[in-house]
Each structure stands twice: as structure tokens, then as C-alpha cells.
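Notes for the one structure printed next.
The values are calculated or read from the model by the stated rules, or taken from the named source; none is laboratory data. Because the structure is a prediction, the values reported are computed rather than measured. A quick note on method: Cβ atoms are made from the backbone with ideal geometry, for glycine too, and the neighbour counts reach across all protein chains shown.
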Amino acid sequence: MGALVLLYALPLSRISELTTTQFRRTPDGAFLALGRHPVLVPPRLALLIEEQMEDPGTGYFRRQLDDGTHYLLPGQAPGRARNPLGAGALLRSHGLPVLIARNTAMIEAVTDLPPIIVADLFGLHPSTANRWAGYANDSWTHYLAARDNQPPAPP
């Protein structure tokens, strides 16, 4: 879960709802469908996802959903996803501050890509991606202008 937060700025509520059908491996690489388009998954993360799919660790409780798919991160109750609150607590106990990590990943994404691409790739509303781009593009011009208007410091 932590890698998905750090790489794709996904909230835990969206990660917990991912199903095994959203992940696929092709000769070109491994892909995870987050929005309308699948995103490329780094090879090491793809291996972790495949291990999770082979042995989710819940044994008896791993049941299919109504359409025959499985949650990538199944919960304790049959047919339920993992609780995002519990997952967040687990990640924080291992030193990953989820909100800070997600915010940093989102700012990095909108810095590297146009907001509309980020919205499409990560399944965000375009106005949300634009708002994040505004946060990321906040420049130091206000600070520099205020500093230039200050009288020089006494020697």
C-alpha cells in the first residue's frame, strides 16, 4: 500500500478498493488500472503485487466478489476490502506518514506532468489536479518581492 501512495498519490480508500483484475502483466511490463488508462508499475512493485495476489494471507476469508473478481487487499470479512483506517495505522507504525507521503507524491506528479494527464492517469477530477498544480507551482516571487521592499539590515 505504501508504494502505491508514494508512487501514484492514491488515497488509502482507493487502494483498498483495487481488485486483482486491475493488475495485468504484458510483454511490455506490468500495469495497474487506476483511472481510464493503466499506469506502468515498476518491476519490483509488480512482483510484490503478484505475490499478494498469489497469497493474500487471509485464507478462508478470500472470497470472490459478485462479479468473480478479488480485492487486491482483502479484508477480514469475506467479500470486503481491507479497512483503509487500519491500513493507515499500520503504515504509520512503520514510519510512513500517509498524508504527507501522498501530498508529496501528488505535488511531484503535477510538477512532472500536466494536470490533465495526472487527472486522467490517477482517476482524479481535473479541477483537483489543477488545484494541486497551483500548490506545486507556487513560486518564491511573493517572498522575493517582499524581501526587496525591506530596508537593508544595519551593519
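Only residues that are touching a Leu at 6+ places or on another chain (Cβ under 8 Å) and either acidic (D, E) or at pLDDT below 90 (or both) were counted across region 21-38, and they come to 4.
Scanning for something at pLDDT below 85 and either closer than 30 Å to G134 by Cα or in a helix (DSSP H, G or I) (or both), does region 39-56 turn up at least one residue? Within region 39-56, one or more residues are at pLDDT below 85 and either closer than 30 Å to G134 by Cα or in a helix (DSSP H, G or I) (or both). Restricting attention to region 76-88, the residues being surrounded by 13 or more Cβ atoms within 10 Å (Cβ to Cβ), under 11 Å from L12 (Cβ atoms) and not basic (K, R) number 6.
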